[in-house]
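This report refers to the structure that appears directly beneath it.
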Amino acid sequence: MANSTEKQLERALEIIAMQSAVIEQLNARIAELERQLGQNSNNSSKPPSSDGFKKKPKSLRKTGGKTGGQPGHKGHKLKMTDTPDEIVVHEVCQCKNCHASLKDEPVLDYESRQVFDLPPSRLWATEHQAQIKACPNCLKRSRASFPEGVTVQAQYGLGVKALLAYWNVGQFISFERCAEMFYDLTGHTISEGTVAHALALTAHSVAPYEQQIREGLLDSPVNHADESGLRVGKKLWWLHVVSNGKLTYYHPHPNRGRKAIDAAGLLPRYKGVLVTDFWKSYLNLDSEHAFCCAHLLRECQGIIDNHGGAWAAAMQTLLRETWHLTKQRREKDQGFSPEELSDINQRYKTIVTAGFEQLNAVLKPSVKTVSKNLLLRFDKYHNEILRFACDPLVPFDNNLAERDIRMVKTKAKVSGAFRTDEGVKQFATIRGFISTVRKQGCRILDAISQVLAGEFQFACAE
């Protein structure tokens with residue numbers, strides 16, 4: 001009887017232990033699901049578009065307290081020109097006081113006002129006539145050569161092709177709507193094939209400049225990198241970007257990881273500082289690394305929202321205060337003293353140590369959670385995260401690359417997926433050129449026109 005009771009007790013204890021393990025797993029699962037439901041663009045890497053129609057989350061940015069132009073911002077307004085294209089004189093024929101005639105009176109002065117407008121849109125047709133002459137000696141007829149590129153009886157010029165490339169790649173207007181806009185502006189009908197031909201010609205003309213961009217990025221002391229998914233046909237591709245304040249290079253590839261990076265052939269050769277968002281494929285590169293602290297602020301906010309981690313709030317405060325002080329020093333062309341850097345690093349280590357103590361008090365050392373994984377990352381990449389405080393060329397975030405990627409993502413939202421592999425490659429080549437030209441303060445349409453004519457040059461130095 002005693003043996004039977006002992007066996008039942010042992011069995012009951014086994015069941016309780018099993019139930020406790022299941023409950024622990026379920027609690028962890030519930031916590032993870034609640035964390036996922038609580039994610040938004042404010043406390044994770046999710047884009048703002050994923051927030052849907054829910055109330056916009058509170059921004060991590062601190063308000064300046066003033067809407068519109070901020071103090072120090074230079075205003076812009078339309079100014080009169082010294083060389084107007086047309087002058088219209090308005091005569092005064094009668095005195096506005098006594099109504100006497102002023103037709104024969106001399107003009108004492110003028111008051112001028114200018115109206116800036118666009119002329120009516122129409123195609124400008126240039127006819128090339130090649131002379132044909134007969135030789136007085138051999139009586140054979142000879143014809144003058146047409147300009148390069150003039151190959152058929154009627155064709156669109158480089159200006160039209162530049163405009164179509166600018167609309168589609170610069171402003172993300174679809175092939176169909178490019179054709180519609182062209183008809184509305186000029187009264188001439190073009191096919192989507194004409195748009196495709198303009199893009200192919202532009203991509204071919206831009207290709208040599210893309211190589212210059214790549215070489216310029218290799219010489220840059222600091223670059224940014226990011227990647228984002230896009231649809232090509234029915235397949236998921238990835239668009240990779242490497243950029244800085246002057247240059248932008250895009251590389252589309254079916255793979256997100258190291259295979260795509262190696263195929264582009266740029267980052268494996270780069271030895272400067274690369275700013276990224278912790279994507280693991282970048283970590284094995286030979287470059288120096290700096291990490292986006294804006295991402296870390298959001299991830300800390302996620303820990304605060306879902307787990308109440310005091311260490312995450314302390315880390316947010318440290319990163320914000322350090323960046324604020326860094327900006328003040330940079331405005332004066334100064335940096336932190338060795339003592340100040342030592343203090344910042346010590347505060348950082350103290351927060352990480354306190355975080356581990358908080359987690360170890362409630363979790364087994366072997367248990368991994370989102371909070372613990374983030375803390376492990378802070379611990380492992382201490383120098384890379386705080387590199388912005390030590391190197392005056394390193395920014396606080398990776399926003400530059402994110403902006404370069406975000407603009408291309410707009411293309412998919414406005415015009416839909418890319419139809420072919422070749423199409424997305426042409427788009428990436430042209431878009432990298434457009435982004436680079438815009439960063440260097442050039443007019444995009446003029447630059448594309450000059451590229452097609454073989455007359456464009458830009459500086460590749462940062």
(message) Give me the extension gain from residue 192 to residue 419: residue separation times 0.36 nm, minus the current Cα-Cα distance, reported in nm with one decimal.
(response) 80.4 nm
(message) Largest first and in whole Å, what are the equivalent-ellipsoid semi-axes of region 293-390 based on the Cα gyration tensor, each being the root of 5 times an eigenvalue?
(response) 27, 13, 10
(message) Taking 35 Å as R0, compute the FRET efficiency from the Cβ-Cβ separation of residue 457 and residue 78 and round it to 0.05.
(response) 0.70
(message) Only bridges whose two residues both fall in region 156-298 count here: according to DSSP, what percent of them are antiparallel, nearest 5?
(response) 70 percent
(request) Sticking with the crude label model, points 7 Å out along Cα→Cβ, report the distance from residue 144 to residue 20 in nm, one decimal please. (result) 9.9 nm
(request) First check a/c for region 382-462, with a ≥ b ≥ c the square roots of the eigenvalues of its C-alpha gyration tensor; if it is under 1.5, answer rounded, and if not, answer prolate when a/b is larger than b/c or oblate otherwise. (result) oblate
(request) Positive end of the charge dipole of the chain (Lys, Arg +1 and Asp, Glu -1 on Cβ, about the Cα centre): tell me which of 457, 417, 84 has its Cα farthest that way. (result) 417
(message) Using only the alpha-carbon atoms, how far is helix 370-380 inclined from the longest principal axis of the chain? Give it as 0 to 90 degrees, nearest 10.
(response) 80 degrees
(request) Please work out how much length the chain gains when fully extended from residue 330 to residue 283, using 0.36 nm per residue of separation minus the C-alpha to C-alpha distance, in nm with one decimal. (result) 14.1 nm
(request) Please report, in debye to the nearest 20, how large the charge dipole of the chain is about its Cα centre when each Lys and Arg carries +1 at its beta carbon and each Asp and Glu carries -1 there. (result) 940 debye
(message) For the chain, take the longest principal axis of its alpha carbons; what is the angle in degrees between that and the long axis of helix 2-37, to the nearest 10 within 0 to 90?
(response) 20 degrees
(request) Across region 293-390, how many lysine pairs, 8 or more positions apart or on different chains, have C-alpha atoms separated by under 26 Å? Please give the number. (result) 10
(message) Suppose the chain between residue 153 and residue 321 were pulled fully straight at 0.36 nm per residue; how much longer would it get relative to their current alpha carbon spacing?
(response) 53.7 nm
(request) Among 116, 433, rank each residue by its count of other Cβ atoms within 10 Å, from fewest to most, as a rough exposure measure. (result) 116, 433
(request) For an R0 of 60 angstrom, estimate the FRET efficiency from the Cβ-Cβ distance between residue 354 and residue 125 and round to the nearest 0.05. (result) 0.20
(message) In Å, what Kirkwood hydrodynamic radius results for the chain from the alpha-carbon pair distances?
(response) 28.1 Å
(request) Among 181, 315, 18, rank each residue by its count of other Cβ atoms within 10 Å, from fewest to most, as a rough exposure measure. (result) 18, 181, 315
(request) Taking the chain as the reference, fit the longest principal axis to its C-alpha atoms, fit the long axis of helix 399-415 to the helix C-alpha atoms, and give the angle between the two in degrees, 0 to 90, nearest 10. (result) 70 degrees
(request) Sum -39500 (n - 2.57) across every DSSP H segment of at least 4 residues in the chain, then divide by the residue count to get the 222 nm mean residue ellipticity, nearest 500. (result) -15500 deg cm²/dmol
(request) Evaluate the distance, in nm, between pseudo-label points positioned 7 Å from the Cα of residue 373 and of residue 94 along their respective Cα→Cβ axes. (result) 8.4 nm
(message) So if I place +1 on the C-beta of Lys and Arg and -1 on the C-beta of Asp and Glu, and nothing else carries charge, what would the dipole magnitude of region 293-390 be about its Cα centre? I want it in debye, nearest 20.
(response) 280 debye
(request) With r as the distance between the Cβ atoms of residue 10 and residue 212 and R0 = 60 Å, compute the FRET efficiency 1/(1 + (r/R0)^6) and round to 0.05. (result) 0.20
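No lab work stands behind these numbers, since they all come straight from the coordinates. Keep in mind the model is a prediction, meaning the values are calculated, not measured. Every residue, glycine as well, gets a Cβ built from its backbone with ideal geometry; the counts of neighbours run over all protein chains shown.
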